[in-house]
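Just below is one structure, and these are the notes that go with it.
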Amino acid sequence: MTEWPILTVTIFLPILGASIIFFIKEEETSLSNIKWAALLTSIGTFIFSCLIWLQFDNSIAEYQLSEKHQWFTDFNFNYHIGVDGISLFMILLSTFLTPFCILASWISINKRIKEYMMAFLFLETVLLGMFSSIDILLFYIFFESVLIPMFLIIGVWGGERRIYATFKFFLYTLLGSVLMLVAIIFIYQLTNSMSISELQGNFFSKNIQIYLWLAFFASFAVKIPMWPFHTWLPDAHVEAPTAGSVILAGVLLKMGGYGFIRFSLGMLPEASEFFLPLIMIMSIIAIIYTSLVALAQTDIKKLIAYSSVAHMGMVTIGIFLVNQQGIEGAIILMISHGVVSAALFLSVGVIYDRMHTLDISFYGGLVNNMPLYSVSFMIFVLASVGLPGTSGFVGEFLIIMGAFKYSSLLALFSATGIILSAVYMLYLYKRIIFGQMSNVKLKDILDIDFREKIILYPLIIMIILIGIFPNIFLDPMRLPIELIINNYEFANAK
Amino acid sequence: MSLRMQNNLLAIFMMPEITLVLLTTIILLIGLFQKKNSFSNVTNLSVIALFFVFFLIYLNREFSFASYNYFFKSSLLIQFFKSIVVLGSIASIIISKSYFEELKLSRFEIPVLISFSTLGMLILISSNDLISMYLGIELQSLTLYVVAAIKRDSIQSAESGVKYFVLGALSSGILLYGCSLIYGFTGTTNFEEIRLSLISINHLSLGIIFGLVFVLVGLAFKVSAVPFHMWTPDVYEGAPTSITAFFAIVPKVSAVAIIYRFCLEPFGNFYSEWSQIIIFLSISSMFLGAIAAIAQQSIKRLLAYSSIGHVGYILIGLASANAAGIKGVIIYMLIYVVMNIAIFSIILSLKNNNSYIEKISELSGLSKSKPIISLSIAIIMLSLAGIPPFAGFFGKFYIFIAAVEADLIFLAVLGVISSVISAYYYLRIIKVLYFDEVDDCNYQSIITSQSLVLLICAILFLSFFVFYPSVFVTIGTTISLDFFQ
């Protein structure tokens, strides 16, 4: 236990940075000040989150570094935050990616820079708050607040069809999450508690669990997104600015997986068991169907968006296997996908900034002019496919291993997903990077500059680090996952 | 309690209303005999008078009993709604002052009429008898008919006044007929005596049910619940914007207070008789408010439909009929009034190319030239849509808690779904502000310092409610416990 509230400081540091930016007048001369203020704030937040990791004790299954203050006087809602092995890496992932988002927007965002940076920092605070909430109402408030900055980021700085995309994103996810609000109120009526840690267990009869589970499922299945609720994702990705896609794929999708682990498995084990076949079937369809859809795409970002849906299908399989390998694999895959898809979108942003198109057929033969870019893009593609030694491998391997325990047919299907991902990713790579440079507009394209190197190289290091030393990441989450699994098996009398 | 003391209390009890009558009459005379600056002076004096009245209400907040031959009643709930009404009137006078002056509508009668209307609402809220209820409604409405048509040379304003008058008179007639039926079948007009005369029976006789329904129809017209909402968009649009602000902020509060009290006090034991009506009104208001607003081009019409939608949520609290419902409506009303004050203070001060903004599309590109104002509008819109972390979310949250507590989960589910639909048109305004790019705009914002202070306070309230909810929640808890003790 520390004397000073490091978690609160970390959560609200970006807001502090945003309010400083609020008071900087937006002029030609002050633009770089604004950018630097945003960058330094996000780096500071990352350093603070690393401090949290240093103080984290792997041998405790419960929440650590928790802070609790009374918030409402009439109800048992508290400002109650803390981290455990599951949320720790979600927090680190958010703080790790935000500086890259700001760096990636350094030049490509050229209007309303002040508002843009403020929106990003606000988004970071909200994400951190959401992952560290122990109070469900607090979680919900952060969960929905995410929509506001994301709505603006896509809507103001997005592509041509940005308004359609951002409205679809907002209303789709809002519709999912409002049902959760009713479920939360209902839980409070039944138990008089709003604490996630107190509610871990099996407190509701199976009938009630099923309704609650469906309400939570509505919000998380849209968020993660599962087939057939994924249609907002390709639109949002294509229209969002690069950094918007990065944070969307990198962190926002993980909110769904995180919610499944915390709420569906942790609080509603019997209903999770009941709906398990449904989840598995939906996930398998997601993996195979969206992989095939990805293969047919002509837009790079859309292809990566569909690949995200397929990867998230793997994640939901892993989560609902409810064994140690499955959940560990799911979380590692979420972290890995967070880094890899962020890296892919950032790489796409590099060529988009130069050519302002995302059409695959426009490109070809980039390897001739951009060797460094081609190498780093190759690493990201392979990590996305799940090549051993990269981060993608660890997660997928663990999930397939867990799937074998459940049924070998399931393992077969999930392995198919990996093969398909290799097909569409390598096919994409071939079309963009290799071949003759037939398009004359590409003749003068330049390789990545210093700023882009700073963005891409740490991501490569991160991908390989996770791939080679997965235990750094697996150790902290082992005990909390064990807790959830024990509770689940106890509830279902296994 | 000795008789003498009671008399003292009686005198104190109606002090705010008596004071308001006296002060407003004096102010009317001052305005009549003053040649120069009469509007400005009368406005300032009215604000001071209303502040004084608010102060009296605040002093009397603890007394709870009935007086004047049981015509009037006082309780914490009543005093709360009264203070909201008075504060809302003060705010709407302040924010509309410069608008009236710009429009050459600076007639000193307006603040006086608003004060009298406020008086009618105070009487309405504290009425404990069908007759005093009717008197309050009529005093309130008559002045509202006049102010709606105050812009005499504008056809729209006159139309809205006439429309409001005809429909309002019809609804008053229905209400009065309902009152007479209730009197005929219970033999009394007093709320408390009606309750006592019905205490021994299990089912209401058909006549009383008819009376109950008629009265509810009349009141539903006053709160503009669907299907008795038709006047709202037209009156909102036709009346001068400053009057629309008053319409949006204040009369709703008094009507909501009386519909709550009418259902829960005399007919509190007959939940099953009126709950279906209220649930229907609530669902239809939420959905019509949400769907009809989507196609609106005029800001005022949009806000009219939005207010209809909000009435739907407010009625969920009534349908719940529990302490949580009372608490929910108190918090919701407070936040609703603040949101309306904020949005109208902006609309009343914002000009594009020297004319006040009426259409949503005229706001396009505002975020470029007036970033702070458009940020404020965005916050208000998100708050109206009930997106956390803004205050509007907590209003809805408390209402839904009440519904779930009363086993009306389907109502809560329908409520959240309609809130998603309504989020669309609130977001559309943010879209116009931030996403649309227009170059030929010339925005000016002429805001008086008083209304600027109001606006800043309102925005801070909406943004930071999430950090300090307890202050307001405690008020709600105290009042709801007092009401159901």
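The values are calculated or read from the model by the stated rules, or taken from the named source; none is laboratory data. This is a predicted model, so every value here is computed, not measured. Cβ: placed from backbone, ideal geometry, glycine included. Neighbour counts: every protein chain shown. Each accessible area value is taken on the protein alone, full model and side chains, heavy atoms only, with ligands, DNA and RNA left out. Shrake-Rupley method; radii C 1.70, N 1.55, O 1.52, S 1.80 Å.
Anything in the range B:472-485 that is in a helix (DSSP H, G or I) and of a type outside the set (Gly, Ala, Ser)? List them, or say none.
First, pick out the residues of the range B:472-485 that are in a helix (DSSP H, G or I): B:472-483.
B:Phe472, B:Val473, B:Thr474, B:Ile475, B:Thr477, B:Thr478, B:Ile479, B:Leu481, B:Asp482, B:Phe483, listed by residue number.
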A:Lys441 meets each of (1) open to solvent by 30 Å² or more (accessible area, probe 1.4 Å); (2) under 21 Å from the mean Cα position of the chain (by Cα); (3) over 30 Å from A:Ser272 (Cβ atoms) with one exception, condition (2)
Of the numbered conditions (1) touching a helix residue (DSSP H, G or I) at 6+ places or on another chain (Cβ under 9 Å); (2) without any contact (Cβ under 8 Å) to a residue 40 or more places away in the chain; (3) not in a loop (DSSP other than H, G, I, E, B), B:Trp274 satisfies every one except a single condition; which is it? (2)
Filter result for A:Gly244 (more than 20 Å from A:Met314 (Cβ to Cβ) and under 13 Å from the mean Cα position of the chain (by Cα)): yes
Return the residue satisfying two criteria in turn: it lies in the range B:52-67 and is out of contact with any Asp or Glu (no Cβ under 9 Å at 6 or more places or on another chain) and in a loop (DSSP other than H, G, I, E, B), and of such residues it is least open to solvent (accessible area, probe 1.4 Å). B:Asn60
Among the residues of the range B:280-322, count how many are of a type in the set (Val, Ile, Thr), more than 28 Å from B:Ile357 (Cβ to Cβ) and open to solvent by 30 Å² or more (accessible area, probe 1.4 Å). 1
Within the range B:183-190, is there a residue that is open to solvent by 50 Å² or more (accessible area, probe 1.4 Å) and at positive phi? yes
Residues that are open to solvent by 20 Å² or more (accessible area, probe 1.4 Å), in a helix (DSSP H, G or I) and charged (D, E, K, R): does the range B:82-96 have at least one? no
Output the number of the condition that A:Ala61 fails; it satisfies all remaining conditions of (1) in contact with a strand residue (DSSP E or B) (Cβ under 9 Å, 6 or more places away or on another chain); (2) farther than 25 Å from A:Ala243 by Cα. (1)
Which numbered condition trips up B:Ile430, out of (1) more than 11 Å from chain A (Cβ to nearest Cβ); (2) within 26 Å of the chain's Cα centre (by Cα); (3) open to solvent by less than 40 Å² (accessible area, probe 1.4 Å)? (1)
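For (1) closer than 28 Å to A:Ile102 by Cβ; (2) open to solvent by 70 Å² or more (accessible area, probe 1.4 Å); (3) outside any helix (DSSP H, G or I); (4) among the acidic types (Asp, Glu), each residue gets a yes or a no:
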position: A:Leu387; (1), (2), (3), (4): no, yes, yes, no
position: A:Leu420; (1), (2), (3), (4): no, no, no, no
position: A:Tyr424; (1), (2), (3), (4): no, no, no, no
position: A:Ile461; (1), (2), (3), (4): yes, yes, no, no
position: A:Ile466; (1), (2), (3), (4): yes, no, no, no
Select from the range B:386-405 the residues that are within 8 Å of chain A (Cβ to nearest Cβ) and open to solvent by less than 10 Å² (accessible area, probe 1.4 Å) and list them in ascending order. B:Ile387, B:Pro388, B:Phe393, B:Phe397, B:Phe400, B:Ile401, B:Val404
So which residues in the range A:178-192 are open to solvent by 10 Å² or more (accessible area, probe 1.4 Å) and more than 8 Å from chain B (Cβ to nearest Cβ), if there are any at all? A:Leu190, A:Thr191, A:Asn192
Of the conditions (1) within 14 Å of chain B (Cβ to nearest Cβ); (2) within 26 Å of A:Asn33 (Cβ to Cβ); (3) not aliphatic (A, V, I, L, M), A:Glu144 clears all except one; give me its number. (2)
Result of the Cβ filter at 9 Å on the range B:323-336, keeping first residues that are under 17 Å from B:Gly309 (Cα atoms) and open to solvent by 10 Å² or more (accessible area, probe 1.4 Å) and partners that are among the polar types (S, T, N, Q) and part of a helix (DSSP H, G or I), at least 6 apart or interchain, is none
Do we have any residue at all in the range B:462-471 that's within 13 Å of another protein chain (Cβ to nearest Cβ), part of a loop (DSSP other than H, G, I, E, B) and not aromatic (Phe, Trp, Tyr)? yes
Given (1) in contact with a strand residue (DSSP E or B) (Cβ under 9 Å, 6 or more places away or on another chain); (2) surrounded by 24 or more Cβ atoms within 10 Å (Cβ to Cβ), number of the condition A:Ser105 does not satisfy: (1)
Counting only residues that are part of a helix (DSSP H, G or I) and open to solvent by 50 Å² or more (accessible area, probe 1.4 Å), which one in the range B:433-461 is nearest to B:Ile90 (Cα to Cα)? B:Gln450
Hits in the range B:351-361 (condition: within 13 Å of B:Ile429 (Cβ to Cβ) and either part of a loop (DSSP other than H, G, I, E, B) or among the aliphatic types (A, V, I, L, M) (or both)): B:Ile357, B:Ile360
Out of A:Leu233, A:Leu248, A:Leu199, sole residue that is more than 14 Å from chain B (Cβ to nearest Cβ) and at pLDDT below 90: A:Leu199
Out of all the residues in the range A:249-263, is one or more among the hydroxyl-bearing types (Ser, Thr, Tyr) and either out of contact with any Phe, Trp or Tyr (no Cβ under 7 Å at 6 or more places or on another chain) or within 13 Å of A:Val322 (Cβ to Cβ) (or both)? no
Sort through A:Ile134, A:Ile52 and tell me the only one that's open to solvent by less than 10 Å² (accessible area, probe 1.4 Å), farther than 14 Å from A:Thr10 by Cβ and touching a strand residue (DSSP E or B) at 6+ places or on another chain (Cβ under 9 Å). A:Ile134
Count, please, the residues in the range B:371-385 that happen to be touching a residue at least 24 places away in the same chain (Cβ under 8 Å) and facing chain A (nearest Cβ under 8 Å). 1
(1) surrounded by fewer than 24 Cβ atoms within 10 Å (Cβ to Cβ); (2) under 18 Å from A:Pro5 (Cα atoms); (3) among the aromatic types (Phe, Trp, Tyr) all hold for A:Phe75 apart from (2)
Tell me the helices (runs of 4 or more DSSP H) entirely within the range A:5-117 that contain at least 1 residues that are more than 22 Å from A:Ile327 (Cβ to Cβ) and within 14 Å of another protein chain (Cβ to nearest Cβ). A:6-22, A:31-55
Within the range B:406-416, take every residue that is more than 7 Å from chain A (Cβ to nearest Cβ) and free of Cβ contacts under 8 Å to residues at least 40 places away in the same chain and give me the one that is surrounded by the most Cβ atoms within 10 Å (Cβ to Cβ). B:Phe410
Selection within the range B:364-388 - over 10 Å from B:Leu433 (Cβ atoms) and not in a helix (DSSP H, G or I): B:Gly386, B:Ile387, B:Pro388
Leading residue by the ranking (farthest from the chain's Cα centre (by Cα)) among those in the range A:149-177 that are facing chain B (nearest Cβ under 8 Å) and open to solvent by 10 Å² or more (accessible area, probe 1.4 Å): A:Ile163
